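Trainee: Please see the structure below; I have some questions.
We did not get these values from a lab; they are worked out from the coordinates using the rules stated. Everything numeric here is computed off the predicted structure, so don't read it as measured data. In this analysis, Cβ positions are derived from the backbone assuming ideal geometry, glycine residues included, and neighbour counts consider all displayed protein chains.
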Amino acid sequence: MNEPVALPALSCADDYDPNSMPVDKAREVIGRFLSPVTATERVHVRAALGRVLAAEVISPLNVPAHDNSAMDGYAVRYADLKADGEVTLTIAGTAFAGAPYDGRLSPGEAVRIMTGGVVPVGADTIVMQEHVKAAENRVTIGGGHRKGQNLRRAGEDLKAGEPALAKGRRLRAADVGLIASLGIPEIEVYRKLRVAFFSTGDELVSIGTVPQEGQIYDSNRYTIHAMLERLGCEVLDMGVVRDDPALLEQAFERAAGAADVVITSGGVSVGEADFVKDLLNKLGQVVFWKIAMKPGRPLAYGRVGEAHFFGLPGNPVSVMVTFYQFVRDALLTLSGEAPAEAAPTFTVPCTSTLKKAPGRTEFQRGILSRDAAGQWSVRVTGEQGSGILRSMSEANCFIILPTEQGNVSPGTLVQVQVMEGVI
Ligand code: AMP
Ligand code: MG
């Protein structure tokens, strides 16, 4: 489990305004309290995708293992060639991938070689088959070649004993292949981060239950579940908890006892926050911020017991935006990923008119697309209300409008952050 962290530093020592906390400041403060998981486990390379390396992978061999040919052609001794003018060499044998030539190349000889074939002893240069005339057991080669051409050296990609992948790397398909190419069957990874979550609200019902007058389906839990799965977390879905102090207390205690991180949605807005605040002050150390952002203004952050705690707003879009802007990167760091990078941002022209008041960061939902000429631009997804989950569903990026920015007219360059494949 994680080291307990003294959160009072968070509430006293900082000169921030908790009623208008800048996005970057909130991120930075959260970052100070993140202690990554340390427990590890061994997994087979087939189960390694998306896991985080707990130790660097050292190459046990040279890659490639032998000097080999990058082309189909002939392995020759450079000294036998003429700078300008032809020479004719005797074809002494063949070197195919997996079936090397086992002799030594003597002066005046060439060996027919295929891509990946081991370069025969004595040869130092490969001539492409397109650049020769071959007849029976002879090959005629013109001038203009370079010593060592078309030859991949043993250990050129990776030398035995060198690190192939760094500790803290979240493994992608290419990494899985790389590990297999080194003949390594199992690797050491951090255990998965355990995340417990629940929704709060008297108005919520789970799918499968018919909503009564005034009730709505709980969508946040399903969104959060999906976002956590994408990040490779072990998830613990604790359902809907009523706005009842005794039930909430039980739920918080159970969640904190079972997980590294507890995430809730709802109950942090004005009117509801006070009683949640009292409860959390008893169970842990939590600060409530009003972030200078839209959507997603209220956010609670701290500890419940020894678990990290993120109290997200209730509105479905706010949940996704705050998860994406604060929780995602924190979870990556807690999972041992190093460095944990925020999703990339780009600058593109915006084709819509955007309404924006200075004084807060806005994360409007955008659709990045390419026109017939191949130029990328972004447009906004219709209405931007924080309850309109369809705006997130249609979007493939956030349009990030910085604090000081005002209204945006069409043609203005804006910053976008892609979300496809990330959330
Ligand atoms: P709250 O922050 O709890 O006041 O919630 C703000 C708004 O989000 C209210 O309209 C809630 O009905 C709605 N909301 C809260 N939790 C959920 C949820 N889990 N799924 C869908 N909507 C929610
Ligand atoms: Mg509520």
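Trainee: Rounded, prolate or oblate: which one fits segment 159-292, using the alpha carbon gyration tensor with axes a ≥ b ≥ c (rounded when a/c is under 1.5, else prolate when a/b beats b/c, else oblate)? Before the final figure, lay out each step's value.
Mentor: Working: a/c = 3.13, a/b = 2.18, b/c = 1.43.
Prolate, since a/c reaches 1.5 and a/b exceeds b/c.
Trainee: Select from Gly183, Ile224, Phe252 the residue farthest towards the positive end of the dipole of segment 172-277; place +1 on Cβ of Lys and Arg, -1 on Cβ of Asp and Glu, and compute about the Cα centre.
Mentor: Selected residue: Gly183.
Trainee: What is the angle, in °, between the Cα long axis of helix 245-258 and the longest principal axis of the Cα atoms in the chain? Nearest 10 is fine, range 0 to 90.
Mentor: In the chain, helix 245-258 runs at an angle near 20 degrees to the longest axis.
Trainee: Using DSSP to define loop residues, name the GluC sites (Glu not before Pro) in segment 34-135 whose beta-carbon has at most 12 other beta-carbon atoms within 10 Å.
Mentor: Within segment 34-135, the qualifying GluC sites (Glu not before Pro) (loop, at most 12 other Cβ atoms within 10 Å) are Glu86.
Trainee: While we're on this one: Going down the table (Lys192/Lys282; Lys25/Lys282; Lys294/Lys355; Lys167/Lys192), which pairs top 19 Å between alpha carbons?
Mentor: Working: Lys192/Lys282 29 Å; Lys25/Lys282 26 Å; Lys294/Lys355 12 Å; Lys167/Lys192 15 Å.
Table pairs above 19 Å Cα-Cα are Lys192/Lys282; Lys25/Lys282.
Trainee: Then there's this: Viscosity 1.567 mPa s, temperature 4 °C: Stokes-Einstein D of segment 300-374 from its Kirkwood Cα radius, in µm² per second?
Mentor: Diffusion coefficient, whole number: 83 µm²/s.
Trainee: I've got another one for you. Rounded to whole Å, give me the distance from the Cα center of segment 149-179 to that of segment 50-81.
Mentor: Rounded to whole Å, the Cα centres lie 10 Å apart.
Trainee: Now for a separate question. Give me the Debye-computed log₁₀ of I(q)/I(0) at q = 0.16, 0.18, 0.21 Å⁻¹ for segment 237-365, equal point scatterers on Cα only, no solvent, two decimals.
Mentor: Those come out to -0.85, -1.02, -1.29, one per q.
Trainee: Can you put Arg242, Arg360 in order, fewest other beta carbons within 10 Å first? Don't jump to the answer; show the numbers that get you there.
Mentor: Details: Arg242 14, Arg360 20.
Arranged by neighbour count, lowest to highest, Arg242, Arg360 become Arg242, Arg360.
Trainee: Assigning unit charges at the beta carbon (Lys, Arg +1; Asp, Glu -1) and nothing else, what dipole magnitude in debye, to the nearest 20, does the chain show about its Cα centre?
Mentor: Dipole magnitude for the chain comes out near 760 debye.
Trainee: Given a 10 angstrom Cα cut-off, can you work out which residue in Ser393, Ser35, Ser199 is the most mobile in a GNM of the chain?
Mentor: So, out of Ser393, Ser35, Ser199, the one fluctuating most is Ser393.
Trainee: In a GNM of the chain with a 10 Å cut-off on Cα contacts, which of Asp237, Asp175, Asp84 has the highest mean-square fluctuation?
Mentor: Asp84
Trainee: For the chain, what size does the Cα cloud have along each of its three principal axes, sorted from largest down, in whole Å?
Mentor: 91, 51, 48
Trainee: Okay, moving on. Based only on other Cβ atoms within 10 Å, what is the fewest-to-most ordering of Ser181, Ser59?
Mentor: Fewest to most other Cβ atoms nearby, the residues stand as Ser181, Ser59.
Trainee: Which Cα, out of Asn396, Leu165, Ala330, lies furthest along the positive dipole direction of the chain (beta carbon charges, K/R +1, D/E -1)?
Mentor: Towards the positive end, the residue furthest out is Leu165.
Trainee: Lys and Arg at +1, Asp and Glu at -1: add these up for the other residues within a Cβ distance under 15 Å of Pro358 and post the number.
Mentor: Surrounding charge for Pro358 is +2.
Trainee: Using alpha-carbon positions, what is the distance between the centroids of segment 372-423 and segment 227-292, in Å?
Mentor: 30
Trainee: May I ask for the net charge around Ala134, where only other residues with Cβ less than 15 Å from the Cβ of Ala134 are counted and Lys, Arg are +1 while Asp, Glu are -1?
Mentor: Every neighbour counted, the sum reads -2.
Trainee: While we're looking at this one, here's another question. In what order do Trp376, Trp289 fall by count of nearby beta-carbon atoms within 10 Å, going from fewest to most?
Mentor: Exposure proxy ranking, most exposed first: Trp376, Trp289.
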